[in-house]
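Working notes, beginning with the structure itself.
Laboratory data are not the source of any read-out in this text; all were calculated from the coordinates shown. None of these values were measured; they are calculated from a predicted model. No Cβ is skipped: glycine too gets one built from the backbone with ideal geometry, and neighbour counts run over all protein chains shown.
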Amino acid sequence: MNTVWAISTVVIKELYRRKDFYVLLVLTTLLTLAAGSMSFFNENTIVRALKEICLLLIWISSLIIGITTAARQIPSEKENRTIFPLLAKPVTRWQVVLGKFLGCWLACGITLIVFYVFFGILVGAREHTLPVAAFAKLMWMQWVALGVVVALALLGSVVLSAPGPNATLCFIVVLGVTFVGPHLGKVSVGLTEPAGTLLYSIYFLIPHLEWYDLRDIFINDQILPGNAACFMATFYAAAYATLLLVLTWARFRRQNLNT
Amino acid sequence: MHASPKWIVALLATLSVSLATLLAPTAQQRSEKRGTDGFLKIMLGDGRRLFAKHFFTKADIYFHSGYYPSIFDQANQANQKAITHADEDDHHDGKEDHDAHHHEDHDADHEEGMDFVKEPRDWIERFGRNFTINQHTHLAEGKQREMLPWLRIAAEMDPQMVTTYTTASYWLRKEKNRVGEARQFLLEGLRNNPKSDELLFELGSLYYNDMADTNRARNVMTSALSAWFARPSQSKTNNEAISLLGRIAVNLARIERDSGNYVEAIRYFELGKTVSPTPEGIQAQIDQLRQNTFSNDVQNIRK
């Protein structure tokens with residue numbers, strides 16, 4: 001476990017050494033503040049649109065950080081040839097995969113904490129309330145979803161050699177799964193066979209990341225899902241992340257690292 | 001020879017002021033030519049209309065507290081509606097008034113469209129309901145202001161989308177009691193759509209109901225009526241146009257009635273009656289006015 005933790009800390013250090021996080025944080029802050037400074041019909045108590053914009057930016061930023069960080073981990077180790085001394089420690093390939101995953105996921109968590117602190121300040125300043133429990137649930141669910149995304153990007157990084165195409169593909173898959181995935185079941189009803197069954201099977205196979213996006217519920221002041229539902233969803237995401245990590249390891253352990 | 005930094009700064013300042021005075025009028029002329037939507041038009045082209053529609057829908061989503069059908073739900077509903085209508089048509093003997101089916105009230109139709117959540121078909125859908133909005137509620141009193149930013153942005157994106165102005169002004173007037181802002185927004189809409197009878201009607205209604213300015217209300221409502229009659233003949237026959245004519249006529253009649261011009265009021269009520277779904281109510285008002293006119297005439301004779 002120490003080995004896995006040591007590898008993951010390197011990934012976390014990489015997060016604050018690189019500029020991606022700072023740039024995204026500054027962009028999110030500036031765009032949100034710019035949106036907040038706008039006045040509509042001399043009404044200064046409007047807050048929902050601002051919350052929506054800020055949460056959207058947080059989701060985009062965290063996805064960018066999660067996917068790009070995970071996508072470049074193994075390819076950059078191979079390219080810089082640092083993978084050889086790492087594996088000679090001795091460290092098993094499973095530990096490398098797990099360490100990289102843990103590092104990326106924790107890095108996403110740290111990023112989310114910073115972003116949500118800013119969001120909390122914003123909401124507190126505008127609404128004069130701070131629903132900490134709701135924020136925690138919102139953040140936890142997003143972090144859980146990012147776990148699946150990071151595992152997916154890691155799998156992509158051992159299948160595709162370059163981080164660029166992997167990151168692009170991951171973005172397409174994640175957006176597709178989040179926005180189209182939940183409706184595949186409905187769409188499959190109107191289709192002829194075998195297309196209907198095929199689509200319905202895909203609907204069952206894909207991870208339903210839309211469950212973790214609680215923005216609409218929060219923005220519209222609706223009741224957030226209960227703890228039991230969140231726990232079940234966490235278990236579901238953990239199962240998918242584990243499956244993706246096992247697939248990553250299965251591919252990585254047979255990979256020739258010299259190519 | 002070495003120039004002092006002070007002189008260099010002074011020279012640069014002079015140059016920048018000269019350049020500004022040279023360029024400012026040209027830039028102003030160009031921006032006036034392009035109009036206010038110049039930048040968005042250049043950046044997005046006709047695509048801004050799609051964005052405008054999106055933002056308008058966003059305001060509607062806020063109004064329904066996030067409970068809103070996705071495009072897939074809407075497609076499903078449309079399919080089911082088509083099947084239901086086909087079934088109904090099969091049962092008809094062909095002599096019934098089919099138009100009655102199409103004379104549905106817009107709001108009722110909209111609310112009916114909100115009944116899109118069906119029984120879950122599988123465990124994913126059932127469990128997923130924990131993470132979606134499943135209760136149809138509307139924005140509470142005073143919270144309707146939350147829709148306004150999206151309506152404002154929709155108007156910026158597509159200044160020709162008249163519904164944006166009328167919807168925003170409705171909420172500003174009714175829910176927020178911000179008559180001044182509503183008037184300004186409607187005037188902005190009229191600048192962009194000078195021949196819009198809907199906007200003229202809304203403005204006239206605002207003058208009459210919220211500002212009690214009968215003269216302005218009459219002028220604007222009369223313009224609305226003229227604009228309605230100036231419509232191309234094919235756009236006069238749809239339900240919304242007919243309903244608008246009725247509302248303009250009835251409001252004009254009320255304005256004239258309040259001003260004591262009963263003859264004019266009767267004339268407008270008669271016009272409203274021809275397109276009203278409830279002509280009996282209007283007829284009662286006409287009868288009342290005729291009686292008033294008769295009483296006035298009798299009083300005048302006695303004098």
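May I ask for the net charge around B:Ile282, where only other residues with Cβ less than 9 Å from the Cβ of B:Ile282 are counted and Lys, Arg are +1 while Asp, Glu are -1?
-1
Debye calculation, C-alpha points only, no solvent: report log10 I(q)/I(0) for the range A:104-259 at q = 0.10, 0.17, 0.19 Å⁻¹, in the same order as the q values.
For the range A:104-259, the Cα-only Debye profile gives -0.47, -1.11, -1.25.
Quick one: putting +1 on the C-beta of Lys and Arg, -1 on the C-beta of Asp and Glu, what dipole do you get for chain A around its Cα centre, in Debye to the nearest 20?
1020
Estimate the FRET efficiency between B:Trp7 and B:Ile42 by the formula 1/(1 + (r/R0)^6), using the beta-carbon distance for r and 60 Å for R0, to the nearest 0.05.
0.90
Normalising by the residue count of chain A, find the relative contact order in percent from Cα pairs under 8 Å and 6+ residues apart.
About 26 percent, as a whole number.
If R0 is 60 Å, what FRET efficiency do you get for A:Tyr22 and B:Arg290 from their C-beta distance, rounded to 0.05?
With a Förster radius of 60 Å, E is 0.15.
Rounded to whole Hz and in sequence order, give me ³J(HN,Hα) for the range A:45-62 from the Karplus expression 6.51 cos²θ - 1.76 cosθ + 1.60, θ = phi - 60°, writing x for Gly and Pro.
These are the phi-based 3J(HN,Hα) values: 9, 6, 10, 4, 4, 5, 4, 5, 4, 5, 5, 4, 5, 5, 4, 4, 4, 5 Hz.
Only sites in a loop by DSSP and with at most 13 other Cβ atoms within 10 Å count here; which trypsin sites (Lys or Arg not before Pro) in the range A:52-131 make the cut?
A:Arg81
Starting from the Cα of B:Thr237, step 7 Å along the direction of its Cβ; do the same at A:Val10; then give the gap between the two resulting points in nm.
Going from the B:Thr237 label point to the A:Val10 one covers 7.7 nm.
Which FRET efficiency value, to the nearest 0.05, is calculated for A:Leu191 and B:Asn177 with the Förster distance at 51 angstrom and r the Cβ-Cβ distance?
Once the sixth-power term is evaluated, E becomes 0.50.
According to a simple spin-label model (label point 7 Å from Cα along Cα-to-Cβ), what is the distance in nm between A:Ser201 and B:Arg191?
Placing both labels 7 Å along Cα→Cβ, they lie 6.1 nm apart.
Between B:Asn215 and A:Ala34, what is the label-point separation in nm under the 7 Å Cα-to-beta-carbon projection?
Label-label distance for A:Ala34 and B:Asn215, simple model: 4.7 nm.
Give me the net charge for the shell around A:Gly181: Cβ to Cβ below 14 angstrom, other residues only, Lys and Arg +1, Asp and Glu -1.
Net charge around A:Gly181: -3.
For the modelled label position 7 Å from the Cα of B:Thr222 along Cα-to-Cβ, which residues of the range B:237-269 have backbone nitrogen atoms closer than 18 Å?
B:248-269
Among all lysine pairs in chain A that are eight or more places apart or on different chains, how many have alpha carbons less than 23 angstrom apart?
Taking chain A as the scope, the lysine pair count is 9.
Which whole-number percent gives the relative contact order of the range B:175-245, counting Cα pairs below 8 Å spaced six or more residues apart?
Normalised by residue count, the contact order of the range B:175-245 is 26 percent.
Within the set of other residues whose C-beta is less than 13 Å from the C-beta of B:Ile133, count the net charge using Lys and Arg as +1 and Asp and Glu as -1.
-3
Taking a ≥ b ≥ c as the square roots of the eigenvalues of the Cα gyration tensor of the range A:2-252, is the shape rounded (a/c under 1.5), prolate (a/b larger than b/c) or oblate?
In terms of gyration-tensor shape, oblate.
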